Amino acid sequence: MRKAPRTAPRTAFRTAPRTAPRLAAAVAALTLLLAGCSGDSGDDDGKITLQFQSLAWQKESVDANKALVEEWNATHPDVKVEYIQGSWDSVHDQLLTSFEGGEAPDIIHDASDDLADFAYGGYLADIGDLLPERLKADIPQRSWETATFDGKVYGVPFLQEPRVLIANAKWLKKSGVRIPTPEKPWSWPEFRKITKELGDGTDGKYGVAWPLKEPVSATLNLSLSTGGQMFHRGADGKVDVRFDAPDQVMPRTVHDQVNVDKSASGTTLGMGGSDTLPGFFGGKYAMVPLGFSYRQQIVQQAPKGFEWQVLPAPAGEEGLAQGVSPQTLSVSEDSAHKKEAAEFIDFFLQPDNMVKLARGDWMLPTGEEALKDPALRTEKNGWSSGTALSEDLRPAPAQSVRGYPEWKDKVATPALQEYYSGAIDLDELEKRLVKDGNLVLARYQR
């Protein structure tokens with residue numbers, strides 16, 4: 001799921017460290033982002049004004065968001081929606097500061113993996129009873145699970161992003177390797193074997209480039225295909241970290257591609273997805289695992305004549321299953337107009353509107369009606385290849401885990417980075433993820 005500019009850490013993907021300096025910066029940003037926001041959003045003439053903070057950042061997406069706000073305002077004279085531009089780079093800390101200061105926007109655009117602490121902290125409203133049956137029925141239960149905590153609905157998941165393999169079509173065709181399809185994907189062992197055949201670095205060419213500057217979500221979400229979970233909730237409701245055999249398949253594959261087969265470039269491990277594209281266009285890498293929305297950047301930047309295709313990620317015993325953290329729309333608990341805010345969300349996520357938002361962000365809608373739209377099922381630019389994966393998308397393993405942001409930033413990110421580079425072995429990785437990780441989570445579960 002794309003959640004940040006190409007030049008910043010994501011996602012799909014976005015998770016900036018929750019530190020005091022970032023909080024200070026967020027406080028300063030509030031003056032610009034949320035000036036005039038308050039729980040009392042009634043005008044002097046009795047009309048209602050709702051603040052909608054959107055995190056859309058690229059032109060197509062921003063235009064789609066603003067156009068829908070304008071359409072709402074033109075047809076709802078008594079309930080005005082004010083568009084406020086937010087940023088994925090600092091949204092967690094900025095929202096936390098605005099919640100604590102009583103200045104949160106009424107309608108909040110975020111991602112499902114960022115909601116748990118806000119939901120448990122009492123900052124978000126339970127909107128389950130405020131949403132129409134149309135919207136509830138249109139979005140599959142597996143998507144609702146990403147924004148539901150203790151049986152309460154704290155957000156509406158509306159856009160999602162599978163991870164796919166973006167491949168150099170000419171390179172793969174010339175090599176003669178079997179091209180995977182959603183019906184018959186590569187297994188993880190086959191993927192490793194094929195990347196070695198495509199390039200082992202001896203001539204400066206590699207079978208794959210893994211951009212793992214932010215390695216945690218990719219590792220957790222792709223490991224669902226092999227049955228990996230890592231987070232396990234007991235009968236008492238508490239969560240503990242484990243690193244069992246199913247969790248190890250994906251990270252071991254990457255580690256061995258980099259350090260044993262040399263089919264993956266070690267230099268890309270510290271890169272974001274955008275950083276790998278020049279080498280991909282230049283014929284250095286046969287494939288790059290990326291979020292589905294990167295297709296837009298490829299369309300815009302690929303040199304003339306460059307042929308590329310979208311392939312499914314490798315599959316395990318659970319098939320093509322992978323975790324996603326959909327983008328969400330929530331309502332602040334402090335909002336004085338929750339009913340009207342929910343009505344705007346319903347309008348915003350009508351099937352035709354959801355298609356507009358998906359196309360603007362080059363992502364997949366969660367709504368089943370929107371997914372049927374021909375514009376999202378064309379072979380052009382790989383749309384149909386992504387849509388074919390929609391039923392295999394599952395809630396990311398860490399969706400409801402309190403303390404996950406700290407575990408990710410302080411424990412999992414450095415441990416996985418060192419393991420993928422070959423600096424530590426699998427036993428040390430397990431020790432850090434499990435032993436150190438459970439110490440972090442324990443503080444949130446007392």
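The values are calculated or read from the model by the stated rules, or taken from the named source; none is laboratory data. Just so we're clear, the structure is a prediction, and the values are computed from it rather than from any experiment. Using ideal geometry, Cβ is built from the backbone for each residue, glycine included, and neighbour counts are taken over all protein chains shown. Surface accessibility is based on the protein's heavy atoms, side chains included, excluding ligands, DNA and RNA. Shrake-Rupley method; radii C 1.70, N 1.55, O 1.52, S 1.80 Å.
Side notes on the structure shown:
- Counting only helices (runs of 4 or more DSSP H) that sit wholly inside segment 343-394, those with at least 1 residues that are among the polar types (S, T, N, Q) are 351-361, 383-387.
- Among the residues of segment 321-330, at least one is surrounded by fewer than 23 Cβ atoms within 10 Å (Cβ to Cβ) and part of a loop (DSSP other than H, G, I, E, B).
- Condition met for Q297 (touching a Leu at 6+ places or on another chain (Cβ under 8 Å), open to solvent by 10 Å² or more (accessible area, probe 1.4 Å) and in a strand (DSSP E or B)): no
- Taking segment 166-192 as the range and being crowded, with 19+ Cβ neighbours inside 10 Å and part of a strand (DSSP E or B) as the test, the residues that pass are I166, A167, N168.
- Qualifying residues in segment 65-87 (those that are in a helix (DSSP H, G or I) and of a type in the set (A, V, I, L, M, F, W, C)) - the one farthest from the chain's Cα centre (by Cα): A74
- Test: G234 is open to solvent by 10 Å² or more (accessible area, probe 1.4 Å) and on the phi > 0 side of the Ramachandran plot: no
- Single residue of segment 193-225 satisfying the filter (open to solvent by 30 Å² or more (accessible area, probe 1.4 Å) and under 25 Å from the mean Cα position of the chain (by Cα)) that is nearest to L393 (Cα to Cα): E214
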